Structure formats: C-alpha cells, structure tokens
Amino acid sequence: QVQLVESGGGLVQPGGSLRLSCAASGSISNVYAVGWYRQGPGNQRELVARMTTTGYVDYADSVKGRFSISMYNAGSLVDLQMDSLKPEDTDVYYCRVDCPLTMCPRPYDYWGQGTQVTVSS
C-alpha cells in the first residue's frame, strides 16, 4: 500500500518562505501527475499546483509567480516551494499522486494526510 507523507509545514511570517515535501512510501510506478492542493475550514479542497510527467504544469492564479512545484524520482518525491507567503495562504496542504484510467491500465489516486501552513505575524 502506498502512503504519501508530507513535511515542511509550519508557522511563517508574511513575506516568508516555506518548502513542502511529499515522499511516497512503498512501490509506486507509472506516475502521471503530482500535485499540491489546499483546504481551509468549511472550504472545498482547491488546486494549488499540478505537474504531469508530460511536462504540463498548472498553478492557481493566486499563487502564480510565488509558488513552484518540482518532481523527483519519477514522481515519488514532490516539493512545493512557497515564497512571498500571504496570510490568505494559510491552509492545510495536501499532496497528491495519480495515474488516471485514461493513462494507466491500473489507475490510482493517492493523497497525503495534509500539513498545516500558517502565515501570520
């Protein structure tokens, strides 16, 4: 069973930086896409950044130019560099690794447990 473990969250002042990491434990192969999502209390989970192994990268408008997603080891490691953080970036951040049915004969969709990011002075 594959598990995704996030790390790097915490408290940071506005304008500061954090780097989130996500590591997959267990065997994972044929990764198609990796991503970071966030969710606040009472809100729907929303996309922050997503990258496919074909080179497509997508960012939420609110984080463009400030956040950067990276993939290593064929998708078993995923980082999110967050710079110029704002109080509105405060949320629980979730890592995701997936391969949909359209790309994999045995599709999967793994999520981490989440890591809290708090931006406050």
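Could you pull out the residue among Arg45, Arg19, Arg38 that is of a type outside the set (Val, Ile, Thr), open to solvent by 70 Å² or more (accessible area, probe 1.4 Å) and in contact with a Phe, Trp or Tyr (Cβ under 6 Å, 6 or more places away or on another chain)? Going through Arg45, Arg19, Arg38 in turn, just one is of a type outside the set (Val, Ile, Thr), open to solvent by 70 Å² or more (accessible area, probe 1.4 Å) and in contact with a Phe, Trp or Tyr (Cβ under 6 Å, 6 or more places away or on another chain): Arg45. Here is the figure for the range 72-102: residues that are open to solvent by 50 Å² or more (accessible area, probe 1.4 Å) and under 12 Å from the mean Cα position of the chain (by Cα) total 1.
Table: residues versus (1) under 11 Å from Val31 (Cα atoms); (2) touching a Cys at 6+ places or on another chain (Cβ under 9 Å); (3) without any contact (Cβ under 8 Å) to a residue 40 or more places away in the chain.
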residue	(1), (2), (3)
Ile69	no, no, yes
Leu85	no, no, no
Val97	yes, yes, no
Leu101	no, no, yes
Gly112	no, yes, no
Val119	no, no, no
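Only residues that are in a strand (DSSP E or B), among the aromatic types (Phe, Trp, Tyr) and touching a residue at least 12 places away in the same chain (Cβ under 8 Å) were counted across the range 7-66, and they come to 2.
The values are calculated or read from the model by the stated rules, or taken from the named source; none is laboratory data. Note that the coordinates shown come from a computational prediction; the quantities given were computed from them, not determined experimentally. FYI the Cβ positions are ideal-geometry reconstructions off the backbone, even for glycines, and counts take in every protein chain you see. The area values use the complete protein model at the heavy-atom level, side chains included, leaving out ligands, DNA and RNA. Shrake-Rupley method; radii C 1.70, N 1.55, O 1.52, S 1.80 Å.
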